[in-house]
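Below: one structure, written as C-alpha cells.
What follows draws every value from the coordinates through simple rules; no lab data is involved. Here the structure is a predicted model, which is why all the values come from computation and not from measurement. Cβ sites come from the backbone with ideal geometry, for glycine too, and all protein chains shown count toward neighbours.
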Amino acid sequence: MDERFSGKVAIVTGAAGGIGAAIADRLAREGATVVIADLDPAAADAKAKAIGAAHGRPAIGLACDVGDEGQVEACVETILTKFSRLDIIVNNAGLMTFKPLSEWVSEDWYKVLRVDLLGAAFFTKQAFLHMAASGGAIVNIASVHALETSANAAPYSAAKAALLSLTRTTSIEGRARNIRANAVLPGAIDTPMLWDNPNLKSGAETIDKADVGTPEDIAAAVAFLASDDAKFITGTTLAVDGGRLAKL
C-alpha cells in the first residue's frame, strides 16, 4: 500500500477501540506517525504499542478527555514537543446515551455535547493555532443521525448535526491556513456502540445485516479525506452507510 502519510503526524481521538482503532491502524499502515488519544490511558498505550509492532513505526498513546479543553491543549503540546508537527486530526471520540426527550436534564445534554461537539471544537482550535503554514487536514466523525435519526437519542443527534456545521465553518476559516475539514457520516457499523443500542435490543429499531459495515470501511474514507488525494475537497460530508440514507 502507498504511504500517503509518510512523515506526517496524526492524532485520532477515541482510538483505543472500534472505529477509532481502525482509523489509527489505516493511517499508520499508510505511513503516519499516529497518536492514540483516549479517555482510558492503559487502552490507549496498548493500542499504540500494537500499532508500533504491526507497522514498525512510532505510535504513542495519550490520556485525554476531549471535553476538557485543558487536557486537549496538553495533549497537543505533548505531540508538538515529541514530534514537532501535527498534520492530521481525526475527531472520532463519541458518546451516545438514550432517554426520551421529556426525561433529559441539563447534565444529560452537557455530558454528550462536551464529548461529541466540544471535543472536536477544542481540537479544531488547536489545529488553527499549531498546524504549520503548509496546513493539514481535519476529519470529523459525525453520524447518519445528523440527517436521519430515531427516538431517544436527541443530544447525540443534535451534537452530530452541529458537528457538520462546525466542519463547514472550519473549512471556510481554514482555507487561508491551508487547513481542510471534512466530515464522515458512518451508518450502522459493527461496533459495541451499535449492538449495545437499547433501541435495537428492545426491537424498536431493526437493522438489516446487509446494512452493517465495518470499522475498516470508515477508516478507508477517513484516509482518503485526510490525504492529498482529497486536496481539493473541504467542507464536505461523506456518508459511509452502504446506501442506507438513500432508501425511500
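Against the chain, whose longest principal axis comes from its Cα atoms, helix 154-174 is set at around 30 degrees. Here the peptides 162-175, 30-43 are ranked by packing, the mean other Cβ count within 10 Å, and the order with the highest first is 30-43, 162-175. By the rule of a C-alpha distance below 28 Å, with chain neighbours fewer than 8 residues away ignored, the lysines paired with K247 are K99, K160, K201, K209.
Taking every alpha-carbon pair under 8 Å whose residues sit at least 6 apart, region 1-123 reaches a relative contact order of 26 percent.
Straight-line cross-link reach from K231 at under 17 Å between alpha-carbon atoms covers these lysines, not counting any fewer than eight positions away in the same chain: K8.
With everything on Cα atoms, drop me the angle between helix 119-130 and the longest principal axis of the chain, reported from 0 to 90° to the nearest 10. Here the helix axis deviates by roughly 20 degrees. In straight-distance terms, cross-link reach from K49 covers every one of the lysines whose alpha-carbon lies under 17 Å from its own, apart from those fewer than eight places away in the same chain; here that gives K82. When only alpha carbons are used to place a centre, region 167-190 and region 23-62 end up 22 Å from one another. One decimal place: the segment R85-S102 gains 1.5 nm when fully extended, by the rule 0.36 nm per residue minus the C-alpha distance. Note the angle between two axes, namely the Cα long axis of helix 18-29 and the longest principal axis of the Cα atoms of the chain, as a number of degrees from 0 to 90, rounded to the nearest 10. Taking Cα atoms only, the helix is inclined about 20 degrees.
A dipole drawn for region 9-240 from +1 and -1 charges on Cβ atoms has a positive end, and of L95, I218, F83 the residue lying farthest that way is F83. The magnitude of the dipole of region 9-240, with charges of +1 and -1 set on the Cβ of Lys/Arg and Asp/Glu and taken from the Cα centre, is near 620 debye. By the Stokes-Einstein formula, at 0.692 mPa s and 37 °C, region 118-183 with its Kirkwood radius over alpha-carbon pairs has D equal to 265 µm²/s. Database remark: amide H of A188 closer than 5 angstrom to the amide H of G213 (H placed geometrically; neighbours at sequence offset of 5 or more, or on other chains; Pro and chain starts carry no H). Is the C-alpha gyration tensor of region 1-81 telling us rounded, prolate or oblate? Criteria: a/c under 1.5 is rounded; beyond that, a/b larger than b/c is prolate, otherwise oblate. Prolate. Helix content alone sets the calculated 222 nm mean residue ellipticity of the chain: runs of n ≥ 4 DSSP H residues at -39500 (n - 2.57) each, divided across all residues, give -13000 deg cm²/dmol.
The relative contact order of region 9-240, computed from alpha carbon pairs under 8 Å that lie at least 6 residues apart in sequence, is 20 percent.
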